[in-house]
Each structure stands twice: as structure tokens, then as C-alpha cells.
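Student: The structure follows.
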Amino acid sequence: MGKLQNSLKTRHITMISIGGVIGTGLFVGTGKNILSTGPAVIFSYGIACLIIVLIMQMVGEMASGELALGMKQSGDPEMGTFASYASKYVGEWAGFTVGWLYWASWVFIVGLEAALIGGMINAWFPVIPVWVGSVGITLLMTLINVYSVKTFGEFEYWVSFFKVTAIVVFLIVGTLMILGVWPTFEPEGFGILFNHGGFAPQGFVPILTAIVFVIFSICGAEVAAIAAAESENPAKNIVRAIRNVVFRLGLFFVGSVTIMVFVLRWNDAENLAAPYANILRMAGLPIAAEIMQVVIFVSLVSVLNSALYTSSRMLLEMSRQGDAPKFFSRIKNKRGAPVPAIIGSTIVAYICAMLYFISPDVIFYFLGNCVGGLMIIVYIFIAISQIRFRKEFIKANGPELPIRMWMFPYLTYATIFLLIAVYICQVFIESLKPQFYLSTAVFLVSVGLFFFMRKIKPSLSQSKNEEVETLVSEVN
């Protein structure tokens, strides 16, 4: 059967936790959010980042607590996933639903990133068809994941290092521009926030709307908690990964959007189409646009790589719980990579990528509109699981929790309320209605599928037993 290897180093987990949230949502989506919300989008990013920080704190509490109990009882440091926590502390139906929704979301992200990467490669090298670039890059990432988790960690370390370096340069240059010490730029000061239609020119509702987009942009911070289970020191690295979340989210997301609204007018559609490149261009830096294109390409590859890793580990865990075929729980190679789970996720991702070319406006649109809403549903279940976990942990008189959710249970309940409010807000936004209805439908179908499968399983087992008894009697 084999087992996962603890071959990721501390530096891998640190960089995965930092780079996991830096994707195309930050580089491409930020400008669109500013256009639709105005300078008040700073609050949208602040609230969304706060939600993710709280969710990560909950994940950290459950992961570190399970790890501490496991080591105390059996010496086994292996941790579960959100699906196993939901199954254990909410119910089997919740674990089944969370696992498949989370897996499906990340598999679709693999397909989406592959399609976008293929498009960029085709733009640079028209001789290479889009589908060839999409399939080729996915195949390369699959090979990296199949070879070993250490290879995944090393690759992700360097691409994350590249992304982080680019963001840090932007933050330094942008800050100097705002302070008025950059020689080629004259700042407008605080007046830029209020002199062009007001701080919230589109009203209050777009602030809430933007939260949904931002959450989708920064989902992935929790990947570090999953990866920490395969590190050389899970107990230490899970704590370090969680504690780094507050700093990195605040710096990269809130910091970036703050610089943008102080440098660019909120209604400057031309410059906000590519805010990072245009702000660096305004600073007089050469080939800024070309450099940012490379950064965006690397970010796409990084997200695809992380999505493939995350989906494979979730499929592995679902198989271990009995909610997916047992075949996917096999770890065949000596380096501890769950090859069947990786290949299975890759095949479905290929199908999603092909749908982009076959039916971009129907099937692919349907899938795309589900992902953001499904992530919010998963986060709600994580919060519910954490409430149940804390109560069970106290009863078990386990060891001291290395990470504890702040102001429990009040802050957890507040997070659940805020997530539900954001989810329901989609109904009142025309552009988000499809996402609300589609993600709700997928959620309900998932729950229904669980009970349907549990109902037919005993029937199938009984039929098999009757067949065996009949054969035995005939032989006798």
C-alpha cells in the first residue's frame, strides 16, 4: 500500500504558504474589483482576508489538535483533511459533501489554469495550438507531482519565490510613489480617494459583492495546512504556516490594492486593465509589461501545480474514508506519491480543459460559476467542524492545542454568519445569481447523492451475500 513521505522541508512549507495565495486573481482580478467598487474596495479586501485568516486559524486548530492526539495515542503524525474533520465532527454526509465539492473545485481550477496557460503560450508562439500548450503544461505538472512530493515542494518553492519577489518590488516602488519620493511620479495624496465620485461611488452593495470575488482569488491559503502533513516536522510547520497567513494576506493583497487606489483613479479603466504593469510603467521602469506577463504566466503554472497537488490529496483522503474507490488510496511508488489519485485528478482536469474549447459559454461557464460559491460552502463546514472539534477535544482531555481559535466560540459563529451573508448576497447581484443557483444546486445534489449511495450500498452487499450463499449451496 505504501504511505506518504515526510519529505517536504520547512522552507518548502513556508514558501507554499506564502505563494499559495498569489495567483491570477491578484494580478488580473484586482483592477476589475476597483472599477466596480471604487476606493472602498480596500474594505472588501480587508474583510475577505480576515475571513480567510479566521478559516486558517480554525484549520490550524483542528490539524494541530488531531496531530497532537494522534502522536499521543499511537505515535502516528499523519493528519486528515477538511473532509475527514467534517465527517468526524459533523457527520459522514458532511465529509462526503465537503470532500467532493473541494476536490471538484480544485480539479476545475486545474482545467481553467491549463486553458489560460495554453492561451498565453499561443499568444507568444502562434505555431503552438492552445490545446497543445494546455495539455503539455498539465502533463508536465502531473509528472512533477507523480515523481515525488519533494519535487513538488522544490518546484513550488522557486516559482513562489519568483512571484513573491515581483510583489515585493511592486510594493516598494508603489510605496515610494505614494510618499512622493519617486522621481518620475507626482502623487495626488488622499484626495484621490474622495475627489472622483467619493470613497464608495457605486454604493455599499458592491463592497459585499467584491468580497465574493476576493475570496475566490485568495482561496488556496489552506493548501499549506495539507502540505504540512508531508513535511519533516508537521507539528512545527503547521503552526508556522498558519501564523504566516495574517502577515502575507495583509501585505500582498491589502497592501497591493491600497497602492493601486492611491496611484490610479478608481475609474481609470485603461490602466486598471493591467494595474501592476501600468503602475511600474508609470514609475519609469523598462519592460514592466513584459515582466508582468512572465509573472502572470509563472503564477498560472504555480496555481495549476498546487491545484493538482491539493485535488490528489483530497481524492486520496476521500478514498480512505470510503467515499471514493479504494484504488485511489494506493501509494505505489517508493517516494510516497499517491499516483492513482494524481492521475485520476489529472484526467478529470483534462476533461475540464477540453470543455473550455468545446463549450466555453455553456458547460465551462456552468463549472466556472460554481467554484466561488462552493468554496464558501466548504469554509462554512470548516467553521462548523471546528466548533464540534473543540467540544470533543475538551471532552477527550487531550494535550494542549498548539493553535487555538481566537475568542471561541463567538468569533467562529461570527465567521459562519458572515460567510452565509456573503453567500446570500449573490442572489441580489445580477452577475452573481448564476453562481448562487448553480453552486446551491451542486451542493444539494452532492448531499442527495450521499444518501442515495448509502441506501443502495446495503442492497448491493445483501445481493452479493445472497449470490455467495446460492453458489455455496449449489456446490454442496
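The values are calculated or read from the model by the stated rules, or taken from the named source; none is laboratory data. In this text, all values refer to a predicted model and were calculated from it rather than measured experimentally. Don't worry about glycine lacking a Cβ; one is built from the backbone with ideal geometry, like all the others, and counts go over all protein chains shown. Heads up: the accessible areas ignore ligands, DNA and RNA and are worked out on the full protein's heavy atoms, side chains in. Shrake-Rupley method; radii C 1.70, N 1.55, O 1.52, S 1.80 Å.
Student: Listed highest first by mean packing, meaning other Cβ atoms within 10 Å per residue, what order do 416-429, 343-356 come in?
Tutor: Working: 416-429: 16.3, 343-356: 20.3.
In decreasing order of mean packing, 416-429, 343-356 become 343-356, 416-429.
Student: With every protein chain left in place, what is the accessible area of F125 in Å² (1.4 Å probe, nearest 10)?
Tutor: Accessible area of F125: about 120 Å².
Student: Compute, for the chain, the length of the dipole vector about the Cα centre, with Cβ point charges of +1 (Lys, Arg) and -1 (Asp, Glu) only. Units Debye, rounded to 20. Intermediate values should be presented prior to the final figure.
Tutor: Numbers: 31 positive and 26 negative charges, 192 e Å.
Computed charge dipole of the chain: roughly 920 debye.
Student: Amide H neighbours of L8 under 5 Å, at least 5 residues apart or on other chains, H built in the peptide plane: list them.
Tutor: Amide H neighbours of L8: S231, E232.
Student: Which order do the peptides 209-221, 292-304 take when ranked by the mean count of other beta-carbon atoms within 10 Å per residue, highest first?
Tutor: In descending order of packing, they fall as 209-221, 292-304.
Student: Take the cross-link list K236/K391; K32/K163; K163/K391; K9/K32; K9/K88 and give me the ones stretching past 32 Å between alpha-carbons.
Tutor: On the way: K236/K391 24 Å; K32/K163 21 Å; K163/K391 40 Å; K9/K32 37 Å; K9/K88 29 Å.
The pairs that break the limit, which is 32 Å between Cα atoms, are K163/K391; K9/K32.
Student: Also, quick follow-up: With every protein chain left in place and a probe of 1.4 Å, what is the accessible surface of W406, to the nearest 10 Å²?
Tutor: Taking all protein chains as shown, W406 has close to 110 Å².
Student: Further, regarding this structure: What nm distance separates the two modelled labels at A289 and Y410, each placed 7 Å from Cα along Cα→Cβ?
Tutor: Taking the two extended label points, one gets 5.3 nm.
Student: Counting only helical runs of four or more DSSP H residues, what would the 222 nm mean residue ellipticity of the chain come to if each run contributes -39,500 (n - 2.57) and the total is spread over all its residues?
Tutor: Working: 19 runs with 350 residues, N = 476.
That calculation yields -25000 deg cm²/dmol at 222 nm.
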